[in-house]
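Enquirer: I'd like to ask you about the structure that follows.
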């Protein structure tokens, strides 16, 4: 449970780069409040001066003083608002950048815990107006309002202490309203943010799989699902807004009670000559001056409940610690051979073994093929080799050193991983291959294009290597996307190439040329590939056969085929399928 102190400590650390600006904002708030408080005192000078038959020159000087105070007060207020608005946007950027930078370094367990729509909501809606407005404008507007209230009360007690006490009678009730409404507001705002996350998750799921939705004619069902989610959000938003409006309106009417008291008690005091008419008018003006400050403080209290929910949701992300971390003193292999060893490896998730009894050694093999049915654990094994997961039991070694004592970043620079569904970004072909690695030369990029059998396609593109790829490579064929992903993987000349069925969209001739070029370009590379292609299985140096998360057979193609076991069954079925297709 986050307390006010926890929220304040979280927010203060973002203010360190803005110390000078905070001093400027506070100074402008003090000057604006002081100048505004001085204006009603000039009323006394003018009104009571007229009753005392002062000179015209005295009135002119008083009017000029009144005008000057108004200009200075407005200028201070404008400059303060401009500084707050600028700080709002910079804090918003800082919140989003800090949380995003933390998330991007987390491992797969994070996205196993939080849905993508929820992540997007917290980085957009939570960090948006709800938090960034409160973090500066809400706080410092309330500070300026508190200063104005303090100065006004000082002036009111200076004019007539008893009348000031009478005018303050309604305000303690506001504190009661605040404390009684806190839990209700907090619950409803938290529910609203959860509903916003749910709507975003529905949208993301639908549009990321829009082809499947349309292929199965599920448009109406998805529209109904979205309508239900939007309806739940609307109800949550109405509920939260009702509470907000109710509390806000209660704050709004209290000042009128104070003004009624001043009019009645102050009028009686004027008639009994206990205060002057000028003092009475000034007193009434101070009550009016307290209206917007009370609104601001009320808005701060309500805004804090919204912001506190958002801070708590962001802190959940920041508190999430990766399970895959670099050791304090990482070990580095003495040589870069690219040897992978798995010794009795298990991986347990949710009290269930996803992988079990995995043991193999690539020391004498250049190409390792992994084969198995759906759900056999092939992809999970590849992810463990890249250290996206650590074993629950057993050890995986790279060149004789356990992965757990090596730096994950160093491991992943040596191992190029290509997923089954390659991810491309909305950028040029060149930038997708280089992928921000500025140290990769243009020559290496061009070589990677040739090796990946992409040269002819690139030459046909309107802008060649500078052709812009649509979101997730939507403008490309499956084979083109896979070959760009392969070019991206080999451009940095890795020691080990890990492919998760990443050549499934290539025809047999293209794939054959691809492997020839890879071994010519990287003669010492080791390859670990998940595949069911019979020609790859036949030429692999070693084949690992997986079933239900376990390694059930291993050996050379001819040996495994002769066993007439799981591998023979998979190979025969695949050979028949390729024959039917004419591969």
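Enquirer: Show me the strands (runs of 3 or more DSSP E) found entirely inside the range 501-555 where at least 3 residues are out of contact with any strand residue (DSSP E or B) (no Cβ under 6 Å at 6 or more places or on another chain) and not assigned by TED's automatic domain parsing to the domain that holds residue 568. Don't jump to the end; show me each part of the working.
Expert: Numbers: elements: 526-530, 542-547, 550-555.
It comes to none.
Enquirer: Now for a separate question. Suppose we filter 425, 388 for residues that are surrounded by fewer than 16 Cβ atoms within 10 Å (Cβ to Cβ) and either assigned by TED's automatic domain parsing to the domain that holds residue 477 or touching a strand residue (DSSP E or B) at 6+ places or on another chain (Cβ under 6 Å) (or both); which single one remains? Before the answer, list the steps.
Expert: Details: 388 fails: surrounded by fewer than 16 Cβ atoms within 10 Å (Cβ to Cβ).
Every option except 425 fails the conditions.
Enquirer: Of the numbered conditions (1) surrounded by 13 or more Cβ atoms within 10 Å (Cβ to Cβ); (2) under 30 Å from residue 412 (Cβ atoms), residue 97 fails exactly one; give the number of that condition.
Expert: In the conditions (1) surrounded by 13 or more Cβ atoms within 10 Å (Cβ to Cβ); (2) under 30 Å from residue 412 (Cβ atoms), residue 97 misses (1) alone.
Enquirer: Determine if the range 345-357 includes at least one residue that is more than 24 Å from residue 523 (Cα to Cα) and in a loop (DSSP other than H, G, I, E, B). If you could, list the steps in order and put the result at the bottom.
Expert: As a first pass, look at the range 345-357 and keep what is more than 24 Å from residue 523 (Cα to Cα): 345-357.
With the extra rule that they be in a loop (DSSP other than H, G, I, E, B), the set shrinks to 350-351.
Checked the range 345-357: at least one residue is more than 24 Å from residue 523 (Cα to Cα) and in a loop (DSSP other than H, G, I, E, B).
Enquirer: Restricting to the range 444-474, what's the tally of residues that are within 15 Å of residue 505 (Cβ to Cβ) and either modelled with pLDDT under 80 or part of a helix (DSSP H, G or I) (or both)?
Expert: Residues in the range 444-474 being within 15 Å of residue 505 (Cβ to Cβ) and either modelled with pLDDT under 80 or part of a helix (DSSP H, G or I) (or both): 4 in total.
Enquirer: From (1) modelled with pLDDT of 75 or more; (2) surrounded by 14 or more Cβ atoms within 10 Å (Cβ to Cβ), pick out the condition that doesn't hold for residue 302.
Expert: Just one mismatch for residue 302, condition (1).
Enquirer: Still on this model: Among the residues of the range 474-483, is there at least one that is surrounded by 13 or more Cβ atoms within 10 Å (Cβ to Cβ), more than 26 Å from residue 367 (Cβ to Cβ) and assigned by TED's automatic domain parsing to the domain that holds residue 416? Talk me through it step by step, then tell me what you get.
Expert: Just the residues of the range 474-483 that are surrounded by 13 or more Cβ atoms within 10 Å (Cβ to Cβ), to begin with: 475-476, 478-483.
Now restrict to residues that are more than 26 Å from residue 367 (Cβ to Cβ): 475-476.
Now narrow it down to the ones that are assigned by TED's automatic domain parsing to the domain that holds residue 416: 475-476.
Yes - at least one qualifying residue is present in the range 474-483.
Enquirer: When the residues of the range 359-373 are filtered to those that are buried (at least 19 other Cβ atoms within 10 Å of the Cβ) and not in a strand (DSSP E or B), which remaining residue is nearest to the chain's Cα centre (by Cα)?
Expert: 362
Enquirer: Which one of these does residue 397 not meet: (1) within 31 Å of the chain's Cα centre (by Cα); (2) modelled with pLDDT of 85 or more?
Expert: Against the list (1) within 31 Å of the chain's Cα centre (by Cα); (2) modelled with pLDDT of 85 or more, residue 397 comes up short only on (1).
Enquirer: Then there's this: Residues 376, 416, 410: which one is more than 30 Å from residue 572 (Cα to Cα), out of contact with any helix residue (DSSP H, G or I) (no Cβ under 9 Å at 6 or more places or on another chain) and either in the same structural domain as residue 486 (by TED's automatic domain parsing) or not in a loop (DSSP other than H, G, I, E, B) (or both)?
Expert: Numbers: 376 fails: more than 30 Å from residue 572 (Cα to Cα); 416 fails: out of contact with any helix residue (DSSP H, G or I) (no Cβ under 9 Å at 6 or more places or on another chain).
Result: 410 is the single residue among 376, 416, 410 that is more than 30 Å from residue 572 (Cα to Cα), out of contact with any helix residue (DSSP H, G or I) (no Cβ under 9 Å at 6 or more places or on another chain) and either in the same structural domain as residue 486 (by TED's automatic domain parsing) or not in a loop (DSSP other than H, G, I, E, B) (or both).
Enquirer: Right, something else. Residue 490 - would you say it is in contact with a strand residue (DSSP E or B) (Cβ under 7 Å, 6 or more places away or on another chain), under 21 Å from residue 436 (Cα atoms) and modelled with pLDDT of 85 or more?
Expert: Values: in contact with a strand residue (DSSP E or B) (Cβ under 7 Å, 6 or more places away or on another chain): yes; under 21 Å from residue 436 (Cα atoms): yes; modelled with pLDDT of 85 or more: yes.
So residue 490 passes the test.
Enquirer: Okay, next question. Consider the range 126-147. How many of its residues are buried (at least 24 other Cβ atoms within 10 Å of the Cβ) and without any contact (Cβ under 8 Å) to a residue 24 or more places away in the chain?
Expert: 0
Enquirer: For the range 2-12, what are the residues that are loosely packed, with under 10 Cβ neighbours inside 10 Å and within 15 Å of residue 98 (Cβ to Cβ)? Lay out the reasoning, then the answer.
Expert: We begin by selecting, within the range 2-12, every residue loosely packed, with under 10 Cβ neighbours inside 10 Å; these are 3-5, 12.
Of everything in the range 2-12, just one residue is loosely packed, with under 10 Cβ neighbours inside 10 Å and within 15 Å of residue 98 (Cβ to Cβ), namely 12.
Enquirer: Considering only the range 7-23, I want to know if a residue exists there that is out of contact with any strand residue (DSSP E or B) (no Cβ under 9 Å at 6 or more places or on another chain) and within 17 Å of residue 289 (Cβ to Cβ).
Expert: Within the range 7-23, none of the residues are out of contact with any strand residue (DSSP E or B) (no Cβ under 9 Å at 6 or more places or on another chain) and within 17 Å of residue 289 (Cβ to Cβ).
Enquirer: Could you tell me whether the range 537-556 includes any residue that is more than 22 Å from residue 359 (Cβ to Cβ) and under 41 Å from the mean Cα position of the chain (by Cα)? Write out each step before concluding.
Expert: Of the residues in the range 537-556, the ones more than 22 Å from residue 359 (Cβ to Cβ) are 538-539.
The next check asks that each one be under 41 Å from the mean Cα position of the chain (by Cα); those that pass are none.
There is no residue in the range 537-556 that is more than 22 Å from residue 359 (Cβ to Cβ) and under 41 Å from the mean Cα position of the chain (by Cα).
The values are calculated or read from the model by the stated rules, or taken from the named source; none is laboratory data. Since the model is a prediction, treat every value here as computed from it, not as a measurement. Every residue, glycine as well, gets a Cβ built from its backbone with ideal geometry; the counts of neighbours run over all protein chains shown.
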